[in-house]
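The values are calculated or read from the model by the stated rules, or taken from the named source; none is laboratory data. Keep in mind that this is a model prediction, so the values were computed, not measured. Virtual Cβ from ideal backbone geometry, glycine too; neighbours counted across all protein chains shown.
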Amino acid sequence: MNGRKRACAEKSSVWEAARNMGADALYVLGTGGVLAGLWKMAEAGETGIQADLRKIPVRQETIEICERFDLNPYRLFSEGALLIGTQNGAELELFCRQKGIPAAVIGKAVKGNDRLLYSGENCRYLERPAEDELTKFSWGSSWKNKGLLPGKDKNQKSHKRNQDKGNTGILSEKDK
C-alpha cells in the first residue's frame, strides 16, 4: 500500500474509532495548518477553544526547516493530520499510539467565543487564519538572488521554536 492510501486508511480507522468513542467533530487539516484548523473547528462548533502549542506533535525535521526559512510550523500545510473533538481524548490518544499513529490531547472546547493558545506560561488569542506559510515561496526566486530568507531582513537573527517530535493525529478534548 502506498503512503497516500495508507494515510487515508489510517484516517478512516482513527475516525471510526473516534466515532465509537463518542467523537462529534472532525476537521481534516490542510492549508493554513493546525492554527487554521483550530479556528475553523471552533467557528463551526460555535464554541471557544483552549489549546497548548507545546502539546502539538511536530516532527523535528519540520522544526528545523521552519527555523531555516522563518516559517511558522503551526501555519504550515498539514495534509494527513486531523483535529478530533471528543469527550474521550485520552482513550483515543492511546488507541492511536497503539496503532503507531502520533497523537496528543492538545486542548479543549470551552463555553464562550474565546480562542486561546498557550505556550508554557504565555497565553494569547488565536488569530483569524492567515495565508499558509508556503505562500511565502510563491513570489519566486527573487529572495534567493538577494541572499534573504522569506519574511526576514538580512540583519534579523533566527529564534528557537518548540522542539516537540511527532506528527499528525492531533486531538482535541471537549469540556463536559
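Details
- Helices (runs of 4 or more DSSP H) contained in region 1-104 and holding at least 2 residues crowded, with 19+ Cβ neighbours inside 10 Å and at pLDDT 90 or above: 33-45, 89-98
- Residue match in region 77-85 (condition: farther than 21 Å from Leu134 by Cβ and in contact with a strand residue (DSSP E or B) (Cβ under 7 Å, 6 or more places away or on another chain)): yes
- Cβ pairs under 7 Å, 6+ apart, first in region 60-87 and β-branched (Val, Ile, Thr), second in a loop (DSSP other than H, G, I, E, B): Ile63/Arg161; Ile63/Gln163; Ile84/Ala23; Thr86/Met21; Thr86/Gly22; Thr86/Ala23; Thr86/Lys174
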